[in-house]
Structure formats: structure tokens, C-alpha cells
Amino acid sequence: MNQFRLDGKIALVTGASYGIGYAMASALAEAGATIVFNDRNEEAVQRGLASYKADGINAHGYVCDVTDEKGINEMVAQIEREVGVIDILVNNAGIIKRIPMHEMSAAEFREVIDIDLNGPFIVSKAVIPNMIKKGHGKIINICSMMSELGRETVSAYAAAKGGLKMLTKNICSEYGEHNIQCNGIGPGYIATPQTAPLREKQADGSPHPFDSFIIAKTPAARWGTPEDLKGPAVFLASEASNFVNGHILYVDGGILAYIGKQP
Ligand code: NAP
Ligand code: GCO
């Protein structure tokens, strides 16, 4: 039996109307999974459904904000009625705010923590009980380079993603005996709307300084694409990773291993 197939499995990918979440959901669908996703507004959900349909994927979309515990619990119950019990959860939804810490308000800091860390807690808590009943489950938390490294202006995001790394290890520790594997994927710098500001051409048409910086810091000498996350997502969602638990799989082109190319 092909350990990498997901036939008969139901996968919930949060915030998967586009970007990394969409790419990972598409990969899970290609491996046989039924795809369920949410986004925080109807327009995004409808846009996502149209994209999945255009790619030949019959996805199920729901409007829900991952920080809304009551809403998430109701959404999971609705999914279980309409589609089935969730076998695979990918906590992908996330935001970033790039503000120098001394200029960031507590409200702005809290908003990032709420979505990027409390959200994965809320959604994981909603799906774990029926994973226990089913006797298996896969939870994949989308971490970041900032689960390991800091940089200017991303204090809230780094705190959230560092916390998400440890939440991953704790879910592994607390639920491993129920045959639930919880791992993380730590994408490097990926070309999506979230990083578009870091890649914008300068007025004179030259590359954004951060764009050049990341190219120099990446052995692969390129930005990642959402497609680079497809294989790692299928691996961690499949039976091929049943003895992999509490691990953060960095998909970063080698950034974390490299001091960077000499200017
Ligand atoms: P993106 O293009 O900004 O997409 C984020 C998705 O999450 C959007 O669909 C967004 O929906 C949704 N979302 C945001 N807040 C939400 C909420 N409260 N409830 C439900 N959905 C919500 O980001 P991305 O680059 O694909 O990143 C996806 C994940 O990978 C994030 O967790 C990010 O931190 C992480 N990551 C990204 C990179 C990178 O370089 N791009 C690298 C490492 C990790 P809306 O349209 O409503 O905003
Ligand atoms: C930034 C970027 C990064 C990436 C990603 C790196 O401003 O530094 O947005 O945070 O999104 O998280 O792994």
C-alpha cells in the first residue's frame, strides 16, 4: 500500500483560499484527501472554491475566523455532519505585522498572537477529541524561520511562531499515545501575498534590498514557492510519517544552515 496516499481522509486546512495553504491543500487533494478549508470572509471562501474547482478539486469552504472559539467549534461540528470527522488538520492561517517593537501597540501585538498562536490552539482543541475516538490524527502547524530566528520589526510574529513550535511539541507529547502525530512545517521565504512587500521592485526597477538579502542568505539562491511545500505537507499528513512526532520540518532552501554569501 502506498504510504503517501490519503484516500478516504478528510483534511481541514485553515486560511487556504490562496497562498501556502492553497498549495498544501491541493497537494493533499492530489494524494486523495477530501479538502475542507476556511477563511474569515465569504468573498475569500468563494474565491477559494472557484480556484479549487478550476483545479478539479471539489473542496468544501466555510467562513470562520480561527480566533473565534465558538465559531470554530460550530464549524467543526458542521464539517463532521456535512463531510465527516477530520483526520488531518493543517493550521496554516496566519498574519504578520512588520512594525518596530517600540512602535507597536499592545493591541497590534495581541492580534498577531491571537491569530498565529491562539488560533492553532483553538482549532487543534476542536478536532483532537474525535481524532482520539477515531484512533488516529495528523496535526501540522505552519511555523516559520521566525520559530528559530529573529529580525527587526517582526517581534509579535516571531513570538507567535516560536510559541507555535512549542505548542507543536506539546501536542505531540500530550496526544502521541492516541496515535496523533503533531509536527510543524517551517517554510523559508516563500513568494506569496504575505511577502510581496519584501519583493517589490524599487522605483528605479532594481530589486528590493530584502529580496537581494534573502537570495544571498539562501543556498538555493531563490525564494521558495508555495509548490515547494506540497511534498512536505503530504509526507507529514500521511502514514509515511506515523513515527515522526514533535518535529519541525524546515523547508527553507537551506537558510538555517548557511551563514550567507559574502557580499
Ligand atoms: P497569506 O498569503 O497572507 O495567506 C494567509 C491566509 O490566512 C489567507 O487566506 C488569510 O485570509 C488567512 N487568514 C488570516 N487570518 C485569518 C483568520 N483570523 N482566520 C482565518 N483565516 C485567516 O500567507 P501565506 O504566505 O500563504 O502564509 C500562510 C502561512 O504560512 C502563515 O501562517 C504564515 O505565517 C506562514 N509562513 C509564510 C511564509 C512566507 O514566506 N510566505 C514563510 C513561513 C511561514 P484573508 O484573505 O482573510 O487575509
Ligand atoms: C518577514 C517574512 C517572514 C516570512 C516567513 C519566514 O517579514 O521576515 O514575512 O516572516 O513570512 O515567516 O519563514
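Rule-based calculations on the coordinates, nothing more; no lab input. Computed from a predicted model, the values in this text were never measured in an experiment. Note that each Cβ is placed from the backbone with ideal geometry, even for glycine, and that neighbours are counted across all protein chains shown.
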FRET efficiency (LYS70, ILE95; Cβ distance; R0 25 Å; to 0.05) is 0.75
Applied in sequence order to the range 42-48, the curve 6.51 cos²θ - 1.76 cosθ + 1.60 (Karplus, θ = phi - 60°) yields integer Hz couplings, x standing for Gly and Pro, of 4, 4, 5, 5, 5, 5, x
In nm, the gap between the two label points placed 7 Å beyond Cα toward Cβ at GLU30 and ARG47 is 2.3
The simple spin-label model distance between TYR18 and PHE210, using points 7 Å out along Cα→Cβ, in nm, is 1.8
Taking the alpha-carbon centre of each part, the distance from the range 22-45 to the range 213-232 in Å is 22
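Work out, in µm²/s and without decimals, the Stokes-Einstein translational diffusion coefficient of the range 6-72 at 10 °C, 1.306 mPa s, Rh from Kirkwood over C-alpha pairs. All intermediate terms of the calculation are to be shown ahead of the outcome.
On the way: Rh = 11.6 Å.
Rounded, D is 136 µm²/s.
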Residue-ordered couplings for the range 183-198, obtained by feeding phi - 60° into the Karplus form 6.51 cos²θ - 1.76 cosθ + 1.60 and rounding to whole Hz (Gly and Pro as x), are 10, x, 10, x, x, x, 8, 10, 7, 9, x, 5, 9, 3, x, 7
Expected unfolding gain across ALA220-SER173 under the 0.36 nm per residue rule, minus the alpha-carbon gap, is 13.5 nm
To the nearest 10 degrees, the tilt of helix 155-175 (Cα long axis) against the first principal axis of the alpha carbons of the chain is 30
XL table LYS97/LYS261; LYS165/LYS261; LYS53/LYS161; LYS138/LYS165; LYS9/LYS161; LYS53/LYS230; Cα-Cα > 25 Å flagged, in table order, is LYS97/LYS261; LYS165/LYS261; LYS53/LYS161; LYS9/LYS161
Counting sequence-distant residues (5 or more places) and residues on other chains, those with an amide H built under 5 Å from that of ALA16 are ASN38
Length gained if ARG5 through ASP55 is fully extended, taking 0.36 nm per residue and subtracting the Cα-Cα distance, is 16.1 nm
In order over the range 121-138: 3J(HN,Hα) from phi, Karplus 6.51/-1.76/1.60, θ = phi - 60°, whole Hz, x for each Gly or Pro, gives 4, 4, 6, 4, 4, 6, 9, 4, x, 7, 5, 4, 4, 6, x, 6, x, 10
Under the 7 Å Cα-to-Cβ spin-label approximation, LEU256 and LYS133 lie apart by a distance in nanometres of 3.6
Note on the chain: contact order normalised by length, alpha-carbon pairs under 8 Å, 6 or more apart, percent, works out to 20
The set of residues whose placed amide H lies less than 5 Å from the amide H of GLY184, leaving out same-chain residues fewer than 5 positions away, is ASN141, HIS247, ILE248, LEU249
If amide H atoms are modeled at 1.01 Å from N in the peptide plane, then the residues at a separation of 5 or more from ILE10, or on another chain, having amide H under 5 Å from its own are THR34, ASP87, ILE88
Helix 69-82 sits off the longest principal axis of the Cα atoms of the chain, rounded to the nearest 10 on a 0 to 90 degree scale, by 50
Ranked from fewest to most other Cβ atoms within 10 Å of their own Cβ, LYS9, LYS261, LYS125, LYS161 fall in the order LYS261, LYS125, LYS9, LYS161
Expected max-MSF residue from GLN46, GLN202, GLN78 in the GNM of the chain (alpha carbon, under 10 Å) is GLN202
Over all directions, the chain yields a Cα convex hull whose mean projected area in nm² is 15.0
